[in-house]
Amino acid sequence: MKIIVCVKQVPDTNEIRINPETGTLIRDGVPSILNPDDANALEEALKIKDQYPDTHVTVVTMGPPQAKDMLMECLAMGADEAFLASDRILGGSDTWATSNAISAAIKKIGDFDIVFAGRQAIDGDTAQVGPQIAERLGLPQVTYVSDFALSEDKKTITVKRALEDGYEVVEVQTPCMLTAIKELNKPRYMSASGIANACKAEIPVWSAADLGVDQSVVGLKASPTNVFRSFTPLPKGKGMMLEGDDEKELAHNLLIQLKSRNVI
């Protein structure tokens, strides 16, 4: 099998701060990581490779040159090859423009059976790029995959798709696009031998021209959406704990507080 996994390098949201005066992100000193949902997508591809050793796993991303570090991590986990789409022309792309670039990269990579991606990136939380890539490539897609099973002939995939109030079981034929959530698996650690091999690996960097993508559909100018302002929500007011010997007294005290605030 040939599997392509779409990944993204994102800032660690636990370390992100916002400048209260400018409303912009403070990126200095903020570490970058492999997007968590993408790690689940990669892990599922590697699990297939564990079961079928002839499986070839390719990871692809779009980002700045330092995204190579994240791709090396993917190689150290067990991926076979990695590609980086990096070009100033691609900078500032929103989800629509990003999907145009990534789908062009996938077409350049060539034949595949499955395209995996994370449900969403933690720096945007839109969950749009995976489905948009599927539309660009004309692929059937199943999102929010929490369980995965491959038929013996490796032509049919049965997945459990998470919903707000339950789940549904979906059967899909390859080639297809699947987006993973954290419940799907637990990503593995990098191995010592994998790290050694990743450090020696060559990661091709593709420009917009290399991708053969129409430059009018990528980048900031081609993006129909943009971030107007980022801000930290104001903290909520301090809560109040009511005390009483029984439910009747608690209800009475609550009524007093609600009336004093003109709620009722």
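Per-structure values
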read-out: Rounded accessible area of Trp96 (nearest 10 Å², 1.4 Å probe); value: 90 Å²
read-out: Per-residue [θ]222 nm for the chain (sum of -39500 (n - 2.57) over DSSP H runs n ≥ 4, rounded to 500); value: -9000 deg cm²/dmol
read-out: Vicinal HN-Hα couplings computed from phi for segment 130-137 (Karplus, 6.51 cos²θ - 1.76 cosθ + 1.60; Hz; Gly/Pro x); value: x, x, 5, 4, 4, 5, 4, 8
read-out: Residue of Leu90, Leu46, Leu163 that the Gaussian network model of the chain assigns the largest fluctuation, springs spanning Cα pairs under 10 Å; value: Leu163
read-out: Segment 1-159: relative contact order in percent, alpha carbon pairs under 8 Å with at least 6 residues between; value: 27 percent
read-out: Chymotrypsin sites (Phe, Trp or Tyr not before Pro) within segment 133-186: DSSP coil, no more than 13 neighbouring Cβ in 10 Å; value: none
read-out: Residue-wise HN-Hα coupling along segment 206-217, computed from phi with Karplus coefficients 6.51, -1.76, 1.60 (Hz; x: Gly, Pro); value: 9, 8, 4, 5, 4, 6, x, 8, 5, 5, 7, 10
read-out: Backbone HN-Hα couplings from phi across segment 69-77 [Karplus 6.51/-1.76/1.60, Hz, Gly and Pro as x]; value: 4, 5, 5, 5, 4, 5, 5, 5, 6
read-out: Alpha carbon centroid spacing (whole Å) that separates segment 115-172 from segment 198-220; value: 25 Å
read-out: Of Ala180, Ala162, Ala67, the one that fluctuates the most in a GNM where the chain has Cα springs shorter than 10 Å; value: Ala162
read-out: Heavy atoms of Lys160 accessible to a 1.4 Å probe, total area in Å² rounded to 10; value: 60 Å²
read-out: Of Lys155/Lys182; Lys47/Lys155; Lys155/Lys200, those spanning more than 23 Å from alpha-carbon to alpha-carbon; value: Lys155/Lys182; Lys155/Lys200
read-out: Sequence-distant residues sharing a close amide H with Ala82 (under 5 Å, placed H); value: Val59
read-out: Choice from Ser151, Ser216, Ser86 showing the highest fluctuation, given a GNM over the chain with Cα pairs closer than 10 Å; value: Ser151
read-out: Under 12 Å from the Cα of Lys107 - aspartates and glutamates, other chains or at least 8 residues apart; value: Asp210
read-out: Solvent-accessible ranking of Cys176, Cys199, largest area first, probe 1.4 Å; value: Cys199, Cys176
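The values are calculated or read from the model by the stated rules, or taken from the named source; none is laboratory data. A quick note: this is a predicted structure, and the numbers were derived from the prediction, not measured. Positions of Cβ are backbone-derived with ideal geometry, glycine not excepted, and every protein chain shown enters the neighbour counts. Please note that ligands, DNA and RNA were not included when accessible areas were found on the heavy atoms of the full protein model with its side chains. Shrake-Rupley method; radii C 1.70, N 1.55, O 1.52, S 1.80 Å.
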